[in-house]
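Novice: Dropping the structure in here first, questions after.
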Amino acid sequence: MTDAEYVNIWMRPERPARGPKPAYSRAQITEAAIHVADTEGLEAATMRRIAAEIGAGAMSLYRYVPSRDNLVELMADRLQGEIDTTGMPSGDWRADLTHYADGLRAMWLSHPWIATVQRSLPSFGPNQLLLIERLMAVLDPYVPIDENLALMAMLNTYIEGTVREEISTANEIRRSGLTEAQWMTRSYPYIDQLVKSGDYPIFTKIVMEARHPHLSRDDQFRHGLRRVLDYIAAALPG
């Protein structure tokens, strides 16, 4: 198979058929890249920077990982391995999906740079495949595979959309130099002005009556997750 025929990094053998034993492994390179991304952001995790991190020559790194896109594939798959799916399916689908949702959110919050990774095509790395097997097995006894895919897509859309907004808000607050409480306090005079104007009755109702915006981030996430799981329950037979 030629280089042009490798669709993703998993199709390429880690070790060449001939030649000396590699000095580094993909796992070492991936861990170094994740460390840099966690501390400095994904944009800092360049091939040159990772090579320096592990003590390799910049060009020699391409012998192990042919491109930065491949490196991001390795990093994303490694992070999916942090989502604990041990014991799934347990027979309690709601508990399993809640556990998965909490794990996916925790992974994103631990590595917020993952929110900037835009990949629509799956690469089917080992951790992603294990996650697919265990997660899809949760609803497999109840619904056809196409319905299972649709329900999981809805669940993942809720989780990732909610956490992406959570990360974005945290970044904006950090850039402002304020805490979230300080930002709300400084915004109060303008909010009060809008309410007293009488021009925005729905907005006023949100400000005066809504409880959801005042919940903790954890409680907001769980509140929405329960609604998604309720919908899944309604889609299951019986």
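Novice: Just wondering, is there one or more residues in segment 198-206 that are of a type in the set (G, A, S) and either in a helix (DSSP H, G or I) or open to solvent by less than 50 Å² (accessible area, probe 1.4 Å) (or both)?
Specialist: Scanning segment 198-206, I find no residue that is of a type in the set (G, A, S) and either in a helix (DSSP H, G or I) or open to solvent by less than 50 Å² (accessible area, probe 1.4 Å) (or both), so the answer is no.
Novice: Further question: Tell me, which residue of segment 128-143 that is open to solvent by less than 50 Å² (accessible area, probe 1.4 Å) and within 16 Å of the chain's Cα centre (by Cα) is nearest to T98 (Cα to Cα)?
Specialist: L135
Novice: In segment 31-52, which residue that is touching a residue at least 24 places away in the same chain (Cβ under 8 Å) and closer than 20 Å to N8 by Cα is surrounded by the fewest Cβ atoms within 10 Å (Cβ to Cβ)?
Specialist: Within segment 31-52, the match that is surrounded by the fewest Cβ atoms within 10 Å (Cβ to Cβ) is E31.
Novice: Let me ask another. Give, as residue ranges, the helices (runs of 4 or more DSSP H) completely inside segment 53-146 that count at least 2 residues that are within 15 Å of A37 (Cβ to Cβ) and among the acidic types (D, E).
Specialist: 68-80
Novice: Another question, if that's okay. Considering every residue within segment 169-186, establish whether at least one is in contact with a helix residue (DSSP H, G or I) (Cβ under 6 Å, 6 or more places away or on another chain) and open to solvent by less than 40 Å² (accessible area, probe 1.4 Å).
Specialist: yes
Novice: Give the residue that is farthest from the chain's Cα centre (by Cα), with candidates limited to residues of segment 62-78 that are buried (at least 20 other Cβ atoms within 10 Å of the Cβ) and of a type in the set (A, V, I, L, M).
Specialist: That would be V65.
Novice: A follow-up question, please. For segment 97-131, give me each residue that is closer than 23 Å to D230 by Cβ and in contact with a Leu (Cβ under 8 Å, 6 or more places away or on another chain).
Specialist: Residues satisfying the conditions are L97, T98, Y100, A101.
Novice: Given the structure, is M154 in a helix (DSSP H, G or I), of a type in the set (A, V, I, L, M, F, W, C), modelled with pLDDT of 95 or more and open to solvent by 50 Å² or more (accessible area, probe 1.4 Å)?
Specialist: yes
Novice: Before we move on, is G55 exposed (fewer than 14 other Cβ atoms within 10 Å of the Cβ) and out of contact with any Lys or Arg (no Cβ under 7 Å at 6 or more places or on another chain)?
Specialist: Considered against the rule, which asks whether it is exposed (fewer than 14 other Cβ atoms within 10 Å of the Cβ) and out of contact with any Lys or Arg (no Cβ under 7 Å at 6 or more places or on another chain), G55 comes out as yes.
Novice: Could you grab me the full set of residues in segment 79-125 that are open to solvent by 70 Å² or more (accessible area, probe 1.4 Å), more than 9 Å from the chain's Cα centre (by Cα) and over 16 Å from M136 (Cα atoms)?
Specialist: The answer is E82, S110, T116, Q118, R119, S120, L121.
The values are calculated or read from the model by the stated rules, or taken from the named source; none is laboratory data. Only a predicted model underlies this, so the values are computations on that prediction, with no experimental measurement involved. With ideal geometry, Cβ positions are generated from the backbone for all residues, glycine too; neighbour counts draw on all protein chains shown. Calculation scope for accessible area: heavy atoms of the full protein, side chains included, ligands and nucleic acids excluded. Shrake-Rupley method; radii C 1.70, N 1.55, O 1.52, S 1.80 Å.
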